[in-house]
């Protein structure tokens, strides 16, 4: 099935890079490097030049911290979305928000995708996506409250829970009027999960792919990588790319990333090994 992200369409064999652009002063990875609007815009220009098909703009860090209400979240992202849309009409713009009110404002400003990292905490978000013809990312968090860390979370089967919740969310989105071609599921590594859970979801990602819904993975520099290798945030690229390769072999379609170029090369190599993509060129031994 063709993947439809707002006004943009992609063939069913396309893999997409979703580059992270934080409009926050306190993100875990870049520590506010793109908090200033012009710095965030420079980041957009950089990732577009590197080949990202999607930018994912977020106005609130996922971790606990200072309370950010809807009005302040909108201040951080709405005008910025409009600026990016004006400058890059062919770019897919995603906004990382769980709030329907923010979703409505960013869709009016030109967003194509609502990336709900908190698993349907605001049930009205699907109605906004349907109204504006936007795509929606349906995540699994185990029902945790937005911006809280998991504590002693238990699952009988974390992958079964992930499939039940994400597919259920996806079906609710379609029932609300979102095009089936515009619904994506995401196991949400680290969200509502300990490291063992995230590792199991990675190992069994093919079971999510087998549901038939396109799968997004957000692996970049996450804690499950850091804890597995005992490495701080700035030293997790190799581990991130190893997890990326496993998910690519399983058939994940969208990769939410900090490092666009490295991730693209890994995904292209794995998809070619899997027989889903031809080599960019193949002349060795032929001429």
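The values are calculated or read from the model by the stated rules, or taken from the named source; none is laboratory data. Predicted model only: the values in this text are computed from it and were never measured. Note that we place each Cβ from the backbone using ideal geometry, even for glycine, and neighbour counts take in every protein chain shown.
Applying the condition of being surrounded by 24 or more Cβ atoms within 10 Å (Cβ to Cβ) and touching a helix residue (DSSP H, G or I) at 6+ places or on another chain (Cβ under 7 Å) to the range 85-98 and asking which residue is farthest from residue 188 (Cα to Cα) yields 93.
Screening residue 267 with (1) crowded, with 21+ Cβ neighbours inside 10 Å; (2) out of contact with any strand residue (DSSP E or B) (no Cβ under 7 Å at 6 or more places or on another chain); (3) part of a helix (DSSP H, G or I) gives one miss only, at (2). The set of residues in the range 121-152 that are crowded, with 22+ Cβ neighbours inside 10 Å and either touching a helix residue (DSSP H, G or I) at 6+ places or on another chain (Cβ under 8 Å) or farther than 18 Å from residue 180 by Cβ (or both) comprises 125, 126, 128, 129, 134, 135, 136, 138, 139, 140, 141. Out of (1) under 17 Å from the mean Cα position of the chain (by Cα); (2) on the phi < 0 side of the Ramachandran plot, what's the single condition that is false for residue 188? For residue 188, the failing item is (2).
Based on what the data block shows, is residue 52 under 22 Å from residue 261 (Cα atoms) and touching a helix residue (DSSP H, G or I) at 6+ places or on another chain (Cβ under 9 Å)? Yes: the conditions hold for residue 52. The set of residues in the range 196-217 that are in a strand (DSSP E or B) and touching a residue at least 60 places away in the same chain (Cβ under 8 Å) contains only 216. Residue count for the range 153-172 under the criterion of being without any contact (Cβ under 8 Å) to a residue 24 or more places away in the chain and either surrounded by 19 or more Cβ atoms within 10 Å (Cβ to Cβ) or closer than 15 Å to residue 197 by Cβ (or both): the result is 6. If the condition is being more than 28 Å from residue 143 (Cα to Cα), outside any helix (DSSP H, G or I) and touching a strand residue (DSSP E or B) at 6+ places or on another chain (Cβ under 9 Å), then the range 73-108 contributes 88, 90, 91, 92. Here's a check for you: in the range 264-277, which residue that is in contact with a helix residue (DSSP H, G or I) (Cβ under 7 Å, 6 or more places away or on another chain) and free of Cβ contacts under 8 Å to residues at least 40 places away in the same chain is farthest from residue 224 (Cα to Cα)? In this case the residue turns out to be 274.
Any residue at all in the range 21-38 that's under 28 Å from residue 224 (Cα atoms), touching a strand residue (DSSP E or B) at 6+ places or on another chain (Cβ under 6 Å), assigned to a strand (DSSP E or B) and touching a residue at least 60 places away in the same chain (Cβ under 8 Å)? No, the range 21-38 contains no residue that is under 28 Å from residue 224 (Cα atoms), touching a strand residue (DSSP E or B) at 6+ places or on another chain (Cβ under 6 Å), assigned to a strand (DSSP E or B) and touching a residue at least 60 places away in the same chain (Cβ under 8 Å). Among the residues making up the range 218-263, those that are in contact (Cβ under 8 Å) with a residue 40 or more places away in the chain and more than 14 Å from the chain's Cα centre (by Cα) are 233, 243, 246, 248, 250, 251, 261. Among residues belonging to the range 48-72 that are without any contact (Cβ under 8 Å) to a residue 24 or more places away in the chain and either in a helix (DSSP H, G or I) or touching a strand residue (DSSP E or B) at 6+ places or on another chain (Cβ under 8 Å) (or both), point out the one that is farthest from residue 122 (Cα to Cα). Here the answer is 49. Check the range 244-254 and report whether any residue there is in contact with a strand residue (DSSP E or B) (Cβ under 9 Å, 6 or more places away or on another chain), outside any helix (DSSP H, G or I) and surrounded by fewer than 23 Cβ atoms within 10 Å (Cβ to Cβ). Yes. Quick check: is even one residue across the range 94-106 closer than 23 Å to residue 225 by Cα and at pLDDT below 95? No, because not a single residue in the range 94-106 is closer than 23 Å to residue 225 by Cα and at pLDDT below 95.
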